[in-house]
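What follows is a short report on a single structure.
Here, each number is a calculation from the coordinates, and none is a lab measurement. This is a predicted model, so every value here is computed, not measured. Cβ placement follows ideal geometry from the backbone for every residue including glycine, while neighbour counts extend to all protein chains displayed.
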Amino acid sequence: MKKMVVMLSALALFATACSTSGPISADDAWARESAMMQSAAAVYMDLTADEDDALVSASVESSVAPTVEIHETTEMGPDDEMSGDDDDMGEEGDMSGDGGMMQMVPVEQVDLPAGETVSLEPGGLHIMLLDLTEPLEIGDEFDVDLEFESGETLSVTVEVREG
Amino acid sequence: MKLLRPLLAVAVLLGACGPAIPDEPAGIVRDPAPEVGSVSLPDLDADGRAFPFVAGAGGVLVVYFGYTSCPDVCPTTLADLRRAMADMDEAESIAVAMATVDPDRDTPEVISGYLHSFFPEGHPLRTEDDAELRAAADAFGADYDVTTSEEGDVEVAHTGFLYAVDDQGQLALTWPFGTTWEDIQGDLRWLLHGG
């Protein structure tokens with residue numbers, strides 16, 4: 001039995017290492033080390049699908065974080081302004097055209113057009129880990145399990161870096 | 001990727017010959033420069049005493065308005081600033097302050113611990129008086145909005161700018177989110193060397 005598990009593990013490792021030969025590949029998966037007291041972290045990676053697909057869900061072991069969501073950081077336009085006093089930027093000289101307010105919005109799915117690499121990167125799309133169980137330290141690794149619209153799944157090893 | 005190391009080595013060598021000071025800053029210069037030295041926020045590292053937004057003589061004060069539950073924009077910006085300052089001889093002339101726009105969740109322990117893990121000498125600024133926070137943010141042209149959704153999730157929107165203040169209390173430069181650490185470093189040198 002033990003031998004079987006070892007062999008299966010080896011196979012699993014092999015399969016991960018060769019994930020680029022599957023229908024969907026994930027490259028350069030990383031997360032920034034978390035600061036003290038930081039409760040949420042972001043995971044970034046490059047995703048490429050051979051055929052049109054979409055990332056619909058992501059999860060990690062609860063020993064890393066109990067809740068995982070796919071988010072996008074977006075810059076709000078002037079019409080999205082939520083607070084009342086939105087004239088501040090205009091008076092001082094407009095710096096970005098629309099006030100530069102940034103917010104995170106959950107996204108249902110990340111479309112992956114065939115053959116096109118879609119980057120989850122700082123300031124854009126990211127997989128958000130909420131209520132981190134332990135701080136993420138440089139050199140740590142953990143797996144993110146991805147689910148796609150096609151039914152494909154992919155387990156991706158994430159490396160924690162200084163960022 | 002292998003190419004990166006020799007390139008980095010060359011970059012370091014070049015740096016040793018004299019750090020590059022840009023002719024023009026990458027950050028935004030606002031004209032006239034907003035005056036921020038007359039506003040202040042309580043500094044948790046000084047028993048809550050008022051921390052005026054003025055750099056030390058000949059130095060630069062870098063100010064950020066953010067929050068700690070921010071997984072993407074805030075740590076990216078602070079990590080880039082840390083990287084920019086890491087190999088600067090002039091780093092001791094640069095002070096860093098972060099004001100939380102989410103004081104309900106960012107208790108004194110949380111905002112202090114968070115900022116200090118990026119900058120051990122950083123000034124964590126926090127007030128529960130929204131009028132005071134709003135006045136400080138307004139002086140910089142910063143904006144923020146904290147709301148709670150029907151599901152009870154706290155949602156925060158904020159301007160992602162990083163600000164540099166001079167020793168006269170004037171807002172010298174504004175860096176939009178996404179400014180590279182190299183540009184921030186060049187601009188800090190530009191400011192410190194009479195830009």
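Listed values, structure above:
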| item | result |
| --- | --- |
| Residue order, fewest to most beta carbons within 10 Å, for B:144, B:163 | B:144, B:163 |
| Backbone HN-Hα couplings from phi across segment B:159-167 [Karplus 6.51/-1.76/1.60, Hz, Gly and Pro as x] | 6, x, 7, 10, 10, 10, 10, 8, 7 |
| Principal-axis tilt of helix B:4-16 within chain B, Cα atoms, nearest 10 degrees | 80 |
| Segment B:176-190 - phi-based ³J(HN,Hα) in whole Hz, Karplus 6.51/-1.76/1.60, Gly and Pro as x | x, 4, x, 4, 6, 5, 5, 5, 4, 4, x, 5, 4, 5, 4 |
| Excluding exposed DSSP-loop GluC sites (Glu not before Pro) (at most 11 other C-beta within 10 Å), longest clean stretch of chain B | B:1-127 |
| For residues of B:75-81, the mean tally of beta carbons on other chains within 10 Å | 5 |
| Gyration tensor (alpha-carbon) shape descriptor, chain B, a/c threshold 1.5 | prolate |
| Exercise: per-residue mean of other protein chain Cβ atoms within 10 Å, B:174-184 | 2 |
| Amide H contacts of residue B:96 (H built 1.01 Å from N, under 5 Å, at least 5 apart or other chain) | B:62, B:123 |
| Inter-site label distance for residue B:132 and residue A:69 at 7 Å from Cα along Cβ, in nm | 3.1 |
| Amide H contacts under 5 Å for residue A:143, placed H, 5+ residues apart | A:61, A:158 |
| Gaussian network model of chain B, Cα within-10 Å springs - most flexible of B:55, B:137, B:20 | B:20 |
| Residue-wise HN-Hα coupling along segment A:123-136, computed from phi with Karplus coefficients 6.51, -1.76, 1.60 (Hz; x: Gly, Pro) | x, x, 6, 7, 8, 9, 9, 9, 6, 2, 6, 10, x, 8 |
| Residues whose placed amide H lies under 5 Å from that of residue B:53, excluding near-sequence neighbours | B:39 |
| Within 10 Å of each Cβ in A:27-39, the average number of Cβ atoms from other chains | 5 |
| Whole-angstrom gap from segment A:97-129 to segment B:30-91, using each part's C-alpha centre | 27 |
| DSSP beta bridges in chain B [antiparallel fraction, %, rounded to 5] | 65 |
| Global geometry of segment B:141-187, whether rounded, prolate or oblate, following the gyration tensor of its Cα atoms and the 1.5 cut on a/c | oblate |
| Model label zone, residue B:109; criterion: amide N under 17 Å from point 7 Å along Cα-to-beta-carbon; scope segment A:130-150 | A:132-135 |
